[in-house]
Every structure is written in C-alpha cells, then in structure tokens.
1. Looking at region A:350-380, which of the residues that are within 14 Å of chain B (Cβ to nearest Cβ) and touching a strand residue (DSSP E or B) at 6+ places or on another chain (Cβ under 6 Å) is nearest to A:Arg152 (Cα to Cα)?
2. Taking A:Ser57 and the conditions (1) among the hydroxyl-bearing types (Ser, Thr, Tyr); (2) surrounded by fewer than 22 Cβ atoms within 10 Å (Cβ to Cβ); (3) at pLDDT 95 or above, which numbered condition does it fall short on, given that it satisfies the others?
3. So, in region A:239-281, how many residues would count as being out of contact with any His (no Cβ under 9 Å at 6 or more places or on another chain) and polar (S, T, N, Q)?
4. Based on this model, can you work out whether B:Ala179 counts as surrounded by fewer than 19 Cβ atoms within 10 Å (Cβ to Cβ), among the small types (Gly, Ala, Ser) and within 21 Å of B:Gln261 (Cα to Cα)?
5. Can you find a residue in region A:315-325 that is touching a helix residue (DSSP H, G or I) at 6+ places or on another chain (Cβ under 8 Å), within 30 Å of A:Leu222 (Cβ to Cβ) and small (Gly, Ala, Ser)?
6. If you go through region A:126-149, how many residues are crowded, with 24+ Cβ neighbours inside 10 Å and under 16 Å from A:Gln315 (Cα atoms)?
7. Across region A:137-156, what is the total count of residues that are without any contact (Cβ under 8 Å) to a residue 60 or more places away in the chain and within 12 Å of the chain's Cα centre (by Cα)?
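The values are calculated or read from the model by the stated rules, or taken from the named source; none is laboratory data. On a predicted model such as this, the values are computed, not experimentally measured, just so you know. As a convention, Cβ positions derive from the backbone with ideal geometry for all residues, glycine included, and neighbour counts pool all protein chains shown.
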Amino acid sequence: MKHSILVLLLLTPAAASAQPAAPIAVKAGTIHTMTGPPIRNGVVLVRDGKIEGVGASLAVPAGYRVIEARTVTPGLIDAHTVVGLAGYLNQPHDQDQVERTEAMQPELRAIDAYNPREELVSWIRGFGVTTIHTGHAPAALMSGQTMIVKTRGNSVEEAMLRPEAMIAVALGEAGLGEDNKAPGTRPKEIAMLRGELVKAQEYSRKSASAKDDGKPSRDLGLEMLARVVRGELPLLVTADRARDILAALRVAKEFDIRIILDSASEAYLVVDQIKAAGIPVILHPTMSRSYGDRENLSFETAATLRRAGIPVALQSGFEGYVPKTRVVLFEAAVAAANGLTPAEALATVTIDAARILGIADRVGSIEAGKDADLALFDGDPFEYTTHVTHVLIDGVIVSDQVR
Amino acid sequence: MRRLLLPPIGALLLCSTVTAQTIAFTGAKVIPVSGPEIESGTLIVREGTIVAVGATGSVTIPAGAERVDLTGRTIMPGLVDSHSHIGEAAGADSSNPIQPEVRVMDAVNVRDAGIQKAQAGGITTVNIMPGSGHLLSGQTIYLKLRDGNSIDDLMIRLPDGRVAGGLKMANGTNPRRAAPFPGTRAKAAALIREQFVKAQEYREKMRRGDPSKRPDRDLAMEALAEVLEGKRVVHHHTHRHDDILTVLRLAKEFGFRVVLQHVSEGWRVAREIAAAGAPASIIMIDSPGGKLETRHLSYTTGKVLDDAGVLVGFHTDDGITDSRLFLRSAALAVRAGMSRAKALEAMTISNARMLELDHRVGTLAPGKDADFIILSGDPLSVYTHVLETWVEGRKVFDRDDPKDRLYAVGGYGASRDQVLHLDCIGEGDAR
C-alpha cells in the first residue's frame, strides 16, 4: 500500500465505468447490514449490480469472484456535500456551487454543474462513499437545487439517482447578501423567503386553473417552488443558531411544506421543537470549525438528537478552503467517539441518511434486491488506522486502492 | 536563568501545596516516547518535574507520596504543536511583506477559548505563529499551556533572558499580492535576500569595537541578526516542491536554521530535504486541494520523509485543524504507513527538537518537565479521549470538570473567552 495514496490522484474515474461485471461474493468477518445485528463470518452475494443475498450460511456459487474483508458496510452516503460542483483546485473555474447575482435562484439545477470526473469525487469514493447528496451550497438565501448521485459514471446521467432532490435555503450568516445586497438581516431573509413562497402558492394555484388564459406564463424558479408548496420537494434549510432553526420551523408550519434541517449546530437548544415538528436533521460535520454561527457546535449533538428520537444523518458539508471536502467516514467516526454507538454512527452515513434522503429503497443497507454498493475494510471502519480495501458501486469494483 | 519558567507569584503561593507534593501515578500503560512502551508503569512527579518513570515494581514510590491509580489508562508526554494560531494570534499588517520586528507575543489573548481547547487536546507546548500572508510576518512564541492570567505566565524564558520563539516566513502563493508584496516567486526570493544581505551588514557594523561607529538600533535588523547568528529558528510555510527547495537554497546562502512548515509536496523532494538536514513539520488534511499548492497533498508524506531520514513532526495549524483532534494527525500518518513509534515521536519529542525545547519536554524522563497527558485508551484510536492534561506538575485540563468538558466537546459558550479557573485556586481569585 506504500504509495497508494500518491497514485490515487493519478487515477481517473475510468475505473468507474459501467460494464457488466462478473458476480462477486464478499466474505467478511463482520457484515453490518443495517437491518439487524451484524452478521459474523458471512457472505454478501452480488450479481447484475444488485445484492443477491446476504447471510452467515450462504454458499458461494461457482463462477463468483471471491473477495475477503474483515468488515463490510453498505456504501457510505454523504447526506449533504457540494463535491462535484465544487472542485479541489478552489479556483474560479472549478467552483460552481454558488452564483451570487441573485439571492434566490431555485431554477439553478445541480445537474448542469456536476463534474463526475472531479478529483474530490474519486477521493471520497476511495474512502467508501458511494452516494452523495450534492448541489448548490449554503452560501446564499436560496442558492439552487440539489441532487443525489452515485460517485461513479462518466456523466451526471450515469451517476444519477435523483436529479432534483431539494432546494437549498440558508438562514443566518450564510444567507446574507454580499456588498449590501439583500437580504441584509435575519428578518429580511425570512421576509424574502415567505414572499417567494406566497408567489409560489399563487403560481401553483393559477397553473392548476382549468382555463388556459388563467395560467401564468412559465417561470422556472416558481415552477420549482410550486413543487415545494405542493409538498412534492423539500427545502434543505441550513440554520445553525437556535433562532434560525426556530424561524425555519415557523416557515415550514406556515406554508405546510416539508423541510429538512441542515447543519443545525445549536439544535441541542431546541430539541423539543424539532422533535415536535417531526423534522429530520442533516447535522454539520462533527469536526466542523467552531466559529461564526457554528461557534457553539458540540461533538455530541448527533447523540443528543438521536436520543431524542430525531432522525439524524451526517454530512461532509461545504468548505471554502482547506480541506476542500471532508470525508463522512471520518465525521461519523468522531461522532462514534462522542456519544453515538458505533452502530448508530454507521447509520448516520448509511440507512438513516438514505431514509432522510428518500432513497432507502435503493441504498443504505445490505439487503437482497438493493443496489450492490459496498465498502470493505480491514478492521473497525471508524478506527483511524483501519483501511478501506475495496469499494463497490452497482456491483462494480470502483476502488481497490488500500486507503 | 532569571525567572525561568516560574508561574505568576500569586498562583505560585496559592498552589504551593500542590507543587511541593510528590505524586505517583501507577498502573497505567506508559508511553515514555524516549523508550519502549511500558504495559504497567509508574510515573513520579515532584515540584513540576518528572522524578522517575518505569515499570511498576521497578520504581520506588517515596513515602508520603500521593498515589493516583490509573489502571486501564495510558500516560504519554504532553503533545507539542509546532505550528498553531490559537490565542487570536496576529502579526504583520498589510503595509509591507517583510516585518521581522512584529511579535505575536503582543497579540496573544491567553483567555482565548482556543488555548483551553488545545489543553483539552493534550497540547502542553505550542509554537504560536503569525499568518502566512507575508514573506515574513513576525516573531513566533513558544508557550507552555499553563493556566495563566497573562502571556508572561505562559512564555518560556531562555537562559539569556530572551523569550523563546522563532521567526515566521512564507513563500508560494499566500504572500503574493499587489506591490509592495511580491508578484512572482523570483521576486519573493529577491526581496528576502535583499533583507538578509542588509541584516548581514547590520550585524557586521554592530560588532564594531567603537560604539559610536555602530548603526542606530533597528528592531527589524535585530531580529534578522538573531536568525543569522542561529539564535532564532525560521519556521517557513511552504507547500510546493520547488518552493521547498527555494527555502533550502536561501537557508544555505545565509546559514540560517529552518523548520519546513506544512510541506504538502515534501514527498516529492524527500532526498533533498534530508540532505539539507532540515526538519519538516507536516499538516494532515482530510482531502487534497482547497488551494493550488495543496493539490498533491498526501497522507504518506510523514512516512516518505521519515524513511528518507528527515526529522518529522505534525502540527495543527489551528484553526485549519482542531487542536482537540491533534492525535488524529499521527493516527492518519500511521494509516498511510508511518511507524507508530515515529508518529508518536512526531507529536512530541520531534516537535520539541524543532522548537529546541527537547531538553525540557517531549518525553517522559527523569529531570524533564512534568508535562503529560492521561488518555482513556490508545493514543491512535478514534475512541480515545484526553482525560487530563498536566503541565509542570499541575493539572490544567480535567474532562470530569464540567467547565473543562465544555471546551473538550463543545456546546453553548465553548468558543468564547474562558472565565479563568485555575485548578488550584478559586475562580474568584483568578478573575
């Protein structure tokens, strides 16, 4: 493994191309299926891109390529990132996660900006991340759309799971306009957001009109927000301060829309309100820097929310500098050291993330019929000194660098 | 050796019963770093100094010593961070790219939550530096993370009375700005060479026998003269392989001692670094990029440089990485192939050598400062917590203390200035 990490950057995502693959049997000391207790000394059978079966007493059929591992988990899910829109060079030409001419641009599609060959995509894939919820950054009041892709494929179409996942909204410092542009305060953020949702309600009502002359002319932004007010798409609301979280809950209730709380570093102050609203949380990276609106973040918030019965997933988040992306494997590891059990921490980057994102029918657990996305390790996945040995997406080995 | 490492007078008096006490920590796994790990060991501390360390049974515990049973715990030397920006560090302003007269000492706020968090991460000695947006951003300061009321309580006095610290320099893209800052790499090197040539001349003139023929005192030239005389080490921010070689070229030309800082592409010029005898203090970052110069960052740099014979350390560069998670740096380097022993040295004694404090800190050995940390488990495990941090025989962090715990795990108010609470005196006295 000596220089594997050096070599990795030279590799291109060619390894991730979609040829039909030979069936694979993964034999492992521990299989974290996420549907029940871990299976000891079991086998995962993979065929035609799907999980064919998993169990302790499965025979390996003839013709299957056998791969051995100490530990197998579902392919990891990064519940919120900007990777692929944001590139690792951090130069203007590879930063497509935020466009600042307008405060609210729900018409901006993530699919039109995603670079599946971006080095950060292969970097996180090497650490077992197979599915990402990526898109426009929490860096404007309403920066655009998000989508869900696999970390494979030579085009966004090949990578696609959900082309339109959510609309990204940022409250607090993150949502303020630059250079005296609106919104300049928190109340202005909420006033603008409510105003746009009112417009979307009108647009949706008129669009449903039976008479052609009653229909409004097509508006790409309001078209998306109309889906939000109809409950078809959620808003992903980044809010760190307790007051911003409560403002988000207030808007969600007023318009009867679905929201998912993002970052939410002061969520521990308003647990009861979040719980009562039935809203899931995609929590900030555990190791996120504690400054600005996140100055009060705690390593233990994932555990606090989980204990309260609030669905919680972890994310790599949005980084403006170094490191250009975080790795959810490491973020979950630190959560596992700060109040979550290892099994719970693993759930925040597998099955719980899949449920919050609405993709649990495809990914997030090791069950027959689900996509064959697997991460193989030579020990406890969360230990710093453990390595990822293989990564499979849709039954194809997309990384066998020891990482 | 005047005022050598003395705590503030008030605190000394109030804490005297603590410091005079001999304490024997028994039953822990002891990682002395200076020798093999001891499965069940004893550490004896008296008056801020390590008296003895060894396997249980092989060390005689003095009569009357307080005994602390640490069975199941791990003890290792306090961590040494060779590059940090805690304490609201600041240095040069935007008027000029080269400002050797500026001291970070004059900026540090010892109540900054970052200092408390560093204690929570097991850091006991730290090199606080000004930033990298200048070719030369000022004088750094080496601190012991004692609980203190002022910077004087934390600083380290050298035998000649000076305050211990280095000089921060940088090359590559960070110092590139509009004039008078450099616009190219060659210009950056030329500006630095110009100043060091001036300093050589200043130094020569200051040595004249007739004081009336010496030049007026110049604070900037004075600091550079200390560098030329080997009294002050240069800590040089540098990432790209060719920038690293430029640092080595200038260090050779002017004969200054240098610690290479960050060295993201050090793996590409490991032989050259080793041949120059320059130590390397490495930053471990979760992913490459974020800026052009770190696009080829690799977890293997520690291993590659160590294999080549370079003295390797790690640093937090806090706020780039979190002081509370400093041990992660060593663990990720081991993940990428570095030996456990070398990685643990890189967190302690190797960094101490770079700060020229290895006679005082960095290992658990008799006669050294009683700077150590008590861990809940193996230092390279993600599940391990720093339970206690001790500096010179005093506990400065205790995870069981709710006030300390706030800084360790975060929460409401964890990033604000601390309300001072020295463990040996009441809060009211310290405020």
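1. In the first step, residues of region A:350-380 are kept if they are within 14 Å of chain B (Cβ to nearest Cβ); the result is A:377-380.
Add one more test, that the residue is touching a strand residue (DSSP E or B) at 6+ places or on another chain (Cβ under 6 Å), and what stays is A:377-379.
Working: A:Phe377: 20, A:Asp378: 23, A:Gly379: 25 Å.
Among them, the one singled out is A:Phe377.
2. Going through (1) among the hydroxyl-bearing types (Ser, Thr, Tyr); (2) surrounded by fewer than 22 Cβ atoms within 10 Å (Cβ to Cβ); (3) at pLDDT 95 or above one by one, A:Ser57 breaks only (3).
3. Here the count works out to 1.
4. Working: surrounded by fewer than 19 Cβ atoms within 10 Å (Cβ to Cβ): yes; among the small types (Gly, Ala, Ser): yes; within 21 Å of B:Gln261 (Cα to Cα): no.
Criteria not met by B:Ala179.
5. Here is the first cut: in region A:315-325, the ones touching a helix residue (DSSP H, G or I) at 6+ places or on another chain (Cβ under 8 Å) are A:315-316, A:322, A:324-325.
Then keep just the ones that are within 30 Å of A:Leu222 (Cβ to Cβ); that gives A:315.
Imposing the further condition that a residue be small (Gly, Ala, Ser) reduces the set to none.
No.
6. Summing the residues that are crowded, with 24+ Cβ neighbours inside 10 Å and under 16 Å from A:Gln315 (Cα atoms) in region A:126-149 gives 15.
7. 1
So that you can scan it fast, the table gives a plain yes or no per residue for (1) of a type in the set (Phe, Trp, Tyr); (2) part of a strand (DSSP E or B); (3) within 24 Å of the chain's Cα centre (by Cα):
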site	(1), (2), (3)
A:Glu158	no, no, yes
A:Val169	no, yes, yes
A:Gly177	no, no, no
A:Pro183	no, no, no
A:Met192	no, no, no
A:Glu196	no, no, no
A:Lys206	no, no, no
